[in-house]
Amino acid sequence: MTYRIKWLIITFFALNYNTSKIFAQDNSILVNAINDQLIPLKTVSDDLDFMDFNPLNSILKEKQIIALGEATHGSHEFFLYKHRMLEYLVKKTGIKTIVLEADFTGTQVMNDFVLNGKGTAAQCLLGMGFSGTTQEFIDLVNWLKSYNDTQLAENKVSIYGCDMQYPVFAVKKIKDYLVQKNLLTPDLNIGFDAMNKYYSGLTGKEKTALRKMSTNLSAIKFEDQDTANNALYKRDLRLLQQFVELTDAQSKLFPAKQSDVRDKYMAENCEWIYNYTRQNKMMLWEHNEHISRSKNGSGYIRMGNYLAETLKDKYYVIGFDFYNGKMRSFDMKSKKNVAAELPHAKDGSSGAIFSQCKVPNFILDFKTASANPIVTDFLKNKIYSSAYGAAFNKGQAPSYIQHKLIESYDAVIFIRETNPAMDMKSAN
């Protein structure tokens, strides 16, 4: 083999070798560079002075929508830190709206609780279509209610949902209205009954009934309602129409299609809430995947893609990452929440690299950190990051997304070791 051929082979592999694998072999230089740029977290729980956030003050005060992700739906530390960050955002940056990965109509009952004290936090949480039915979230909304109790009406913080997967809440509200007004027809009633089933179990006949119902609902104007309630009723109705389109997008051949539709309408609902609340500053509480600014390696079009396009630099995205630990998981066999041991983040992944940094928990703002070219190179190359939902069952393969960190987020919050979120203490 000639020298020239050897040189060409070596060059080819050097150019095509995944950067994350290089980092996996010898990343001490990279880790030291990140160490120089990270912001250590003093605590993931209560802290009245919010000193950790001082380096981000000027950045966050300029943003209109600040999105907080999560790498699992069941990590204790993610809930605690979001609570802490919410207090900071409310008190220091003027956040007045929280939007959850929860049902739009169902979350209205929680909004009534935090604004007006109606019901209890636990009772309202069970009717939201929200995966975060945890004690940590109960503690958060109880704090929010206590805060609102000290504020004038114009300074109170509202809470909304942007999802449309569970239309039973909107069905009940719209159906009750139609019954009161003697407007419920047999065709509408058949469609409403079909909506009480989860969309994956709907028959072709039921889907046809849903389409017919959706068309007929367009004629309802809710003209007897005041302006604010009229807008909410119309949005509830729109939610039902979104659900119909979500069911129509179900496809075994193109599984990403339905996911794309869901995220498209989550973005639409977020933008509606933003305008309905007179463009108050907003905090989003979603999975990392939904808030991502760009497509990941799987090609899904996410809610964050739309919001980033609309809001440009007014949209700030913080992804959450971890190395190892446990999460609260819904066990499919026992139908109960259990503590599930998660695999360590694999070599070369973002979690594995961050785990080698000098502090266990930290914030990394990408714009600031990019002052170091070594960190810039790391952020701009494709890498794997852990991504779990509400469940991880024994024997399941580890779950990752492949993406460029700097295209997905504006910052990352890293927690080296996680624990399971806590079940609610009581629903009373």
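The values are calculated or read from the model by the stated rules, or taken from the named source; none is laboratory data. The model shown is predicted, which means the values in this text are computed figures rather than measured ones. When we count neighbours, we look across all protein chains shown, and the Cβ atoms used for this are built from the backbone with ideal geometry, even at glycine.
In the list ASN296, ASN269, ASN288, which residue meets the criterion of being modelled with pLDDT of 95 or more and farther than 30 Å from GLU206 by Cβ?
On inspection, the qualifying residue turns out to be ASN288.
The residues in region 114-133 that are touching a residue at least 24 places away in the same chain (Cβ under 8 Å), surrounded by fewer than 23 Cβ atoms within 10 Å (Cβ to Cβ) and either under 11 Å from MET424 (Cβ atoms) or over 18 Å from the mean Cα position of the chain (by Cα) (or both) can be counted, and the count is 9. In the set (1) within 13 Å of GLN165 (Cα to Cα); (2) free of Cβ contacts under 8 Å to residues at least 40 places away in the same chain, the condition left unmet by ASN269 is number (2).
Tell me the residue from VAL179, VAL261 that is modelled with pLDDT of 95 or more, under 21 Å from GLU101 (Cα atoms) and among the hydrophobic types (A, V, I, L, M, F, W, C), please.
On the way: VAL179 fails: under 21 Å from GLU101 (Cα atoms).
Matching residue, one of VAL179, VAL261: VAL261.
Picking from residues in region 382-398 that are surrounded by fewer than 16 Cβ atoms within 10 Å (Cβ to Cβ) and closer than 14 Å to GLU341 by Cα, the one that is nearest to the chain's Cα centre (by Cα) is PRO398. Take the residues of region 361-381 that are in contact with a strand residue (DSSP E or B) (Cβ under 7 Å, 6 or more places away or on another chain) and surrounded by fewer than 16 Cβ atoms within 10 Å (Cβ to Cβ): which is nearest to ASP410 (Cα to Cα)? Result: LYS380.
Which of the residues belonging to region 166-198 are in contact (Cβ under 8 Å) with a residue 40 or more places away in the chain, in contact with an Asp or Glu (Cβ under 7 Å, 6 or more places away or on another chain) and of a type outside the set (Ser, Thr, Tyr)? Across region 166-198, the qualifying residues are PHE169, ALA170, LYS173, ILE174.
Pick from SER350, SER334, SER329, SER355: which is out of contact with any helix residue (DSSP H, G or I) (no Cβ under 8 Å at 6 or more places or on another chain), assigned by TED's automatic domain parsing to the domain that holds ALA71 and surrounded by 23 or more Cβ atoms within 10 Å (Cβ to Cβ)? Steps first, please.
On the way: SER350 fails: out of contact with any helix residue (DSSP H, G or I) (no Cβ under 8 Å at 6 or more places or on another chain); SER334 fails: surrounded by 23 or more Cβ atoms within 10 Å (Cβ to Cβ); SER355 fails: surrounded by 23 or more Cβ atoms within 10 Å (Cβ to Cβ).
Result of the check over SER350, SER334, SER329, SER355: SER329.
Of the residues making up region 181-201, just one is of a type in the set (Val, Ile, Thr) and either touching a Gly at 6+ places or on another chain (Cβ under 9 Å) or not in a loop (DSSP other than H, G, I, E, B) (or both), namely ILE190. Looking across region 387-428, just one residue is hydrophobic (A, V, I, L, M, F, W, C) and without any contact (Cβ under 8 Å) to a residue 40 or more places away in the chain, and that is ALA397. Scanning region 137-148 for residues that are surrounded by 17 or more Cβ atoms within 10 Å (Cβ to Cβ) and farther than 16 Å from LYS91 by Cβ yields PHE137, ILE138, VAL141. PHE192 passes every criterion in (1) farther than 22 Å from ASN275 by Cβ; (2) at pLDDT 95 or above apart from (2). I want to confirm something. Restricting to region 411-426 and keeping residues that are assigned to a loop (DSSP other than H, G, I, E, B) and surrounded by fewer than 21 Cβ atoms within 10 Å (Cβ to Cβ), which single residue is modelled with the lowest pLDDT? Once the filter is applied, the top-ranked residue is SER426. Of the helices (runs of 4 or more DSSP H) lying entirely inside region 229-316, those containing at least 1 residues that are surrounded by fewer than 16 Cβ atoms within 10 Å (Cβ to Cβ) are 256-276, 303-311. Which one is surrounded by the most Cβ atoms within 10 Å (Cβ to Cβ), of the residues in region 149-177 that are of a type outside the set (S, T, N, Q) and over 19 Å from GLN242 (Cβ atoms)? Taking the candidates together, the pick is ILE159. The listed residues are TYR316, TYR300, and the only one of them that is in contact (Cβ under 8 Å) with a residue 60 or more places away in the chain and hydroxyl-bearing (Ser, Thr, Tyr) turns out to be TYR316.
Of all residues in region 380-412, those being under 13 Å from SER75 (Cα atoms) and of a type outside the set (Ser, Thr, Tyr) number 5.
I need the full set of residues from region 199-237 which are of a type in the set (Asp, Glu), under 20 Å from TYR276 (Cβ atoms) and either touching a residue at least 60 places away in the same chain (Cβ under 8 Å) or touching a helix residue (DSSP H, G or I) at 6+ places or on another chain (Cβ under 8 Å) (or both), in order please. Spell out how you get there, then give the answer.
Initially, region 199-237 is screened for residues of a type in the set (Asp, Glu), giving 206, 223-224, 226, 236.
Add one more test, that the residue is under 20 Å from TYR276 (Cβ atoms), and what stays is 223-224, 226, 236.
Within region 199-237, GLU223, ASP236 qualify.
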